[in-house]
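The block underneath contains the structure these notes are about, expressed in C-alpha cells.
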Protein chains: 6
Amino acid sequence: MISRLLARLDDLRPPLPASAHCDLPCGVYDPAQARVEAESVKGCQEKYQGSDDAVFKERAVQIKEERADLVKHHLWVLWTDYFKPPHFEKYPELHQLFNEATKAAGASGTKGSMEASKAQGLLDQIDKIAGIFWETKKTA
Amino acid sequence: MISRLLARLDDLRPPLPASAHCDLPCGVYDPAQARVEAESVKGCQEKYQGSDDAVFKERAVQIKEERADLVKHHLWVLWTDYFKPPHFEKYPELHQLFNEATKAAGASGTKGSMEASKAQGLLDQIDKIAGIFWETKKTA
Amino acid sequence: MISRLLARLDDLRPPLPASAHCDLPCGVYDPAQARVEAESVKGCQEKYQGSDDAVFKERAVQIKEERADLVKHHLWVLWTDYFKPPHFEKYPELHQLFNEATKAAGASGTKGSMEASKAQGLLDQIDKIAGIFWETKKTA
Amino acid sequence: MISRLLARLDDLRPPLPASAHCDLPCGVYDPAQARVEAESVKGCQEKYQGSDDAVFKERAVQIKEERADLVKHHLWVLWTDYFKPPHFEKYPELHQLFNEATKAAGASGTKGSMEASKAQGLLDQIDKIAGIFWETKKTA
Amino acid sequence: MISRLLARLDDLRPPLPASAHCDLPCGVYDPAQARVEAESVKGCQEKYQGSDDAVFKERAVQIKEERADLVKHHLWVLWTDYFKPPHFEKYPELHQLFNEATKAAGASGTKGSMEASKAQGLLDQIDKIAGIFWETKKTA
Amino acid sequence: MISRLLARLDDLRPPLPASAHCDLPCGVYDPAQARVEAESVKGCQEKYQGSDDAVFKERAVQIKEERADLVKHHLWVLWTDYFKPPHFEKYPELHQLFNEATKAAGASGTKGSMEASKAQGLLDQIDKIAGIFWETKKTA
C-alpha cells in the first residue's frame, strides 16, 4: 500500500531521481541505490528456491551475501551523510528505522535466510525510509 | 531534448525502476546505477569549480575518479550481462554506444577533465542507452 | 597526556585481546578497529602539517580519505551488528553518539580538514562508544 | 586458559590504544589488526562445527575465507612496512615467522580447514610476532 | 592450433610483454592479465572435479566466481581503454568478440559451470583477442 | 643486462607463462602480475614528469599509489603461497629479496617518489625474483 503510494509519488519526481553519493560531498543521494541491491537479494533468494542445482544454489548464497552488504552500506551512507540534526528532530523514529533496516539486511535478516519474504520485509523498510527522504527533499 | 523525452518516458515506468545487478544472474538490471554515479561525477566537477580550497579540490579530483570507475563498471555490466544477441541485431549501434559512453567516463572524458560539460555529455550518452534498455524491457 | 598514559599502559598489555567482526556473525567485535583507523587519520593530518613536500601532502590527503572511510565502516558495523534493542534502551544516547561519530569521520569532520584536532575529537567520540561497549560486555 | 587471562586483562584496559597502518606512512601499526581477524576465523570455524544448517555452514566457509585474507594482509603489512633491517638482524627468525604465519592463514592452514585448532595455531603465531613487535616498540 | 600459433608469435614479442593498465592512462596494456585469471578459473574447475572434499569444492566455486569477475574486468578495460575507433574499423568483429568473451566468463559460461571445457573456450576467445591486440601493437 | 637475459629465458618458456593466483590454491602463479603493475607505476611517474597539468599530475600520484599497492600484493602472494620451505633453503636470499622488493614498492620507494628510476629499481628486483621463480618451475 505505502509502496504503491511511494510509486505514485515517484511519478511526480523530477526527471533524474536516481543519484549517487560520495562523501566529498557531491550532494547527490538516493534511496534507490539501497533498493536496487535489496531487489537483487530478493532475486537471489527466489532463484535459490526455484533451483535444484547445488552449485547454482551455492552461488546464490554467496552473491546474496555481497548484495546484502551493499544494502547495508547504502543505508548507512544515507543515515550518516544525508540526514542532518533537524531531520532527526522532525522524524524521531529515523534512528530506529535505519538501525532495524540495516539489521534486516544482515545476519538476523536477509543474510541469514533464503526466504524471499525476508527481502520483501527489507524492501518495505527501505520504502519507509525513502518516503521520509523524499519528504525532506521537497521541503529542502 | 532527447533527455527531456527520456525523462517523460521515465514517468511511465512501473514502480520499481531502480534495480541492481549480480551475475547469478538475479535478473535485475537498471541504467539508473550508472546514471547515479555520473551525476556524482558532475557534482564533483561543479564543486571543484566553485571552490578555492586546495585540499577540497584535490579530494574532488580523487573522488570523481572513483565515481567515474563505477560508471564504467555499471555500463560494462549492462553491455555484457543484460543485452543479448537479438538486442544487438535490433540495435546495431549498441556496441558503439557503450564503447563511446565508457570512453566518455574514462581518461578522454570525465576522468581527464574537471569541466561539468564532460559529465553532461556522459549523462546524455547514458540516457540514450537507457532509452534502448527500457524499450527492450517493454517488448520482453 | 592521556595519550602518554595509554602508551604506558600499552607496554603492560599482553599480546593482543582485540577482536574482529564479520556478519556470520562470528560474535567478535571490538571498537579498537575503528580507533586504529582514526589514529591513522590523525597521523596523516600531523604528517601533512609537518611536511612541505607537495606530493607527500597530496598522498596524505588521499590516504586519510581511505582511513576515514574505514572508521565509518567499523563504527557502522558496531551500531548495526553488535548493539541490540536492550542496549539502545539502556543507553538512549547511543544512536546520536554513533551518528555524530560517523559524521565526525566524514566530510564535516576529518575528511574535510587537515587539522589533527578533528581526528582527536573523533578519537574522543570513539572512546565514549568504547566505554559503553565494554560496559555491555561485562554485564553480558 | 591464557585466553581466559587475556579476557580478564581486557576488562582492565583503558579504551583502546590499538592503532592502524597506512603506507603514507602514518607511523601507526598494531598486530591487533591481524589478531582480530584471526579471532574471527576461529569464530567462523567454531560456529560451523556447532551448526547443522547447510546454508549457515556455507556462509561460514565463505566468510572465513575473507577473514583469513585479511589476516594475511595485516601480517604482510607489518613484515614489509613496520620491520626494518635492524629488526631483522636482531630477530633473525622474523622472516620465517611471518612466512609461516601467513601460510598458516592460507590454504594449508585456516583457509583449508574448518577445525578451530588451525586458527588457534595461527593465533599463537601472531602472538609470537606481537611479542617481538612490542619489544621493538619499547626500545625504539 | 591458433593457440599454438599465438604462442609462437609470443616468442617474437619484445622482452616485457606483461603489462598493466590504469586509466591515467599509463599506456600499459596486456591481454595476459585476463588470460592469467582465466587460467585460474580453469584450475579451480579442474581441482573441483578432482576433489570429493565438500568444503574444498565449495571454496572452489567461491574463488572461481571472483577470478571470473577479474577476467571480465580485464577484458572490459582492453575494449574500452586500449582499442580506439581505427581499430574497430579495421577489425569489425572486435565488439562481438569482446561481448562474447565477457559473456563466456560470466553466468552463461565459466561462472555457471564447473566444467573446465568452459574455461578452455574462454581461453581460446582471449587468445583471439590477444592475437588482434599484438597485431595492432606492431603497426602502432 | 640481467633483464635481457631473463627476456631470453622467457622465450624458452612454454606457451602460457602468464598465470594467476588464488589461494584455493589453483596452482597458477606468475611474477608477470607484479611486473605489469610495476610497469604501470613507472608509466605514471614518466607521465607525471612529462606533464604540467596540475590535475593530471594529481591523478598520476593517486593512480600510482594504487598500482604500487598491487605490486606489493602480488609479491606477497608469491612469497607466502608459491615459495615453499625447500625453496627458501635453496635460495636463502629469497626472504630478503621479497622484503626489499615490497619495501621498494612502498613509501620508501615508488610510493614516496615520482622518479621513474625508483620504479626501474623495483622492476629489476622483480626480475631477480622472477629469475628464481622460473628456475624452481623448471626443476619442479
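Looking at F:95, F:74, which one is within 30 Å of residue B:63 (Cβ to Cβ) and in contact with a His (Cβ under 9 Å, 6 or more places away or on another chain)? So the residue among F:95, F:74 that is within 30 Å of residue B:63 (Cβ to Cβ) and in contact with a His (Cβ under 9 Å, 6 or more places away or on another chain) is F:74.
Return yes when residue A:117 is at pLDDT 95 or above and open to solvent by 40 Å² or more (accessible area, probe 1.4 Å) and no when it is not.
So residue A:117 passes the test.
Only residues that are within 11 Å of another protein chain (Cβ to nearest Cβ), over 17 Å from the mean Cα position of the chain (by Cα) and β-branched (Val, Ile, Thr) were counted across segment E:85-136, and they come to 0. Does residue A:82 meet the test of being at pLDDT 95 or above and under 15 Å from the mean Cα position of the chain (by Cα)? Answer is yes for this residue.
So which of C:43, C:109, C:27 ends up being assigned to a loop (DSSP other than H, G, I, E, B) and open to solvent by less than 10 Å² (accessible area, probe 1.4 Å)?
C:109
Restricted to segment C:33-72, and to residues there that are under 10 Å from the mean Cα position of the chain (by Cα) and touching a residue at least 60 places away in the same chain (Cβ under 8 Å), the residue that is nearest to residue D:70 (Cα to Cα) is C:34. Cβ-Cβ distances below 6 Å connect the following pairs, each with a first residue in segment C:107-132 that is in contact (Cβ under 8 Å) with a residue 12 or more places away in the chain, a second residue that is open to solvent by less than 60 Å² (accessible area, probe 1.4 Å) and among the hydroxyl-bearing types (Ser, Thr, Tyr), and a separation of six or more residues or different chains: C:114/C:48; C:118/C:110; C:119/C:110; C:122/C:110; C:132/C:91. In segment D:93-105, the residues that are assigned to a helix (DSSP H, G or I) never reach a residue that is among the acidic types (Asp, Glu) and modelled with pLDDT of 95 or more with C-beta atoms less than 7 angstrom apart, at least six apart or across chains.
All told, residue D:14 meets the bar of being facing chain C (nearest Cβ under 8 Å), assigned to a loop (DSSP other than H, G, I, E, B) and either modelled with pLDDT of 95 or more or farther than 29 Å from residue C:62 by Cα (or both). Name the single residue that is most open to solvent (accessible area, probe 1.4 Å) among those in segment B:46-83 being among the aromatic types (Phe, Trp, Tyr) and under 17 Å from residue E:106 (Cβ atoms). Filtering first and then ranking leaves B:82.
When every residue of segment E:53-66 is checked against the conditions, none turns out to be assigned to a loop (DSSP other than H, G, I, E, B) and basic (Lys, Arg).
The values are calculated or read from the model by the stated rules, or taken from the named source; none is laboratory data. Only a predicted model underlies this, so the values are computations on that prediction, with no experimental measurement involved. Don't worry about glycine lacking a Cβ; one is built from the backbone with ideal geometry, like all the others, and counts go over all protein chains shown. Quick note on the areas: whole protein, heavy atoms, side chains included, nothing else; ligands and nucleic acids left out. Shrake-Rupley method; radii C 1.70, N 1.55, O 1.52, S 1.80 Å.
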